[in-house]
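The values are calculated or read from the model by the stated rules, or taken from the named source; none is laboratory data. Bear in mind that the values here come from a model prediction, so they are computed numbers and not experimental data. Because the Cβ atoms are built from the backbone with ideal geometry, glycine has one as well, and the counts that use them run over all protein chains shown.
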């Protein structure tokens, strides 16, 4: 006879801990977008990948640097739109190694989106450039035909 097991499945230790809270995810996304917007994707990935084993020490270093951050808080807000509360949230965020990994994934995601947009813009500009070249070439050809009296037969039907 089969018995039903009504107990919930065992969750592995830390499985819920790897998902950031909505507030943490919002901060991760903001920081990742800032990194991509400033063009610091490669240095940021290099920094976070190499310092991942030291994430807790880094967060404690941020606590040590907190008085200096208070001093330059207007600068941080003016240039990066980061408030002091965001600094404290980020400090608590990087205490957990999985959040550093989530930050890296977010940076890579937003960077790939930015590259796709850049490629689309480049393609559009290339097409516009070709069209502009073709118009200029047609104008030049028309000018020189008129100048040397060598109009095309279809142009001769349109008398002056």
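Observations on the structure shown:
- Among (1) closer than 28 Å to residue 20 by Cα; (2) under 21 Å from the mean Cα position of the chain (by Cα), the one test that residue 123 misses: (1)
- Scanning segment 97-106 for residues that are in a helix (DSSP H, G or I), under 16 Å from residue 31 (Cβ atoms) and modelled with pLDDT under 80 turns up nothing.
- All positions within segment 112-154 that are loosely packed, with under 10 Cβ neighbours inside 10 Å and in contact (Cβ under 8 Å) with a residue 12 or more places away in the chain: none
- Selected residue (criterion: modelled with the highest pLDDT) from residues of segment 48-60 that are surrounded by fewer than 14 Cβ atoms within 10 Å (Cβ to Cβ) and within 17 Å of residue 31 (Cβ to Cβ): 49
- Meets criteria (in a helix (DSSP H, G or I) and surrounded by 12 or more Cβ atoms within 10 Å (Cβ to Cβ)) for residue 36: yes
- Meets criteria (assigned to a loop (DSSP other than H, G, I, E, B), in contact with a helix residue (DSSP H, G or I) (Cβ under 9 Å, 6 or more places away or on another chain), farther than 30 Å from residue 35 by Cβ and modelled with pLDDT under 90) for residue 150: yes
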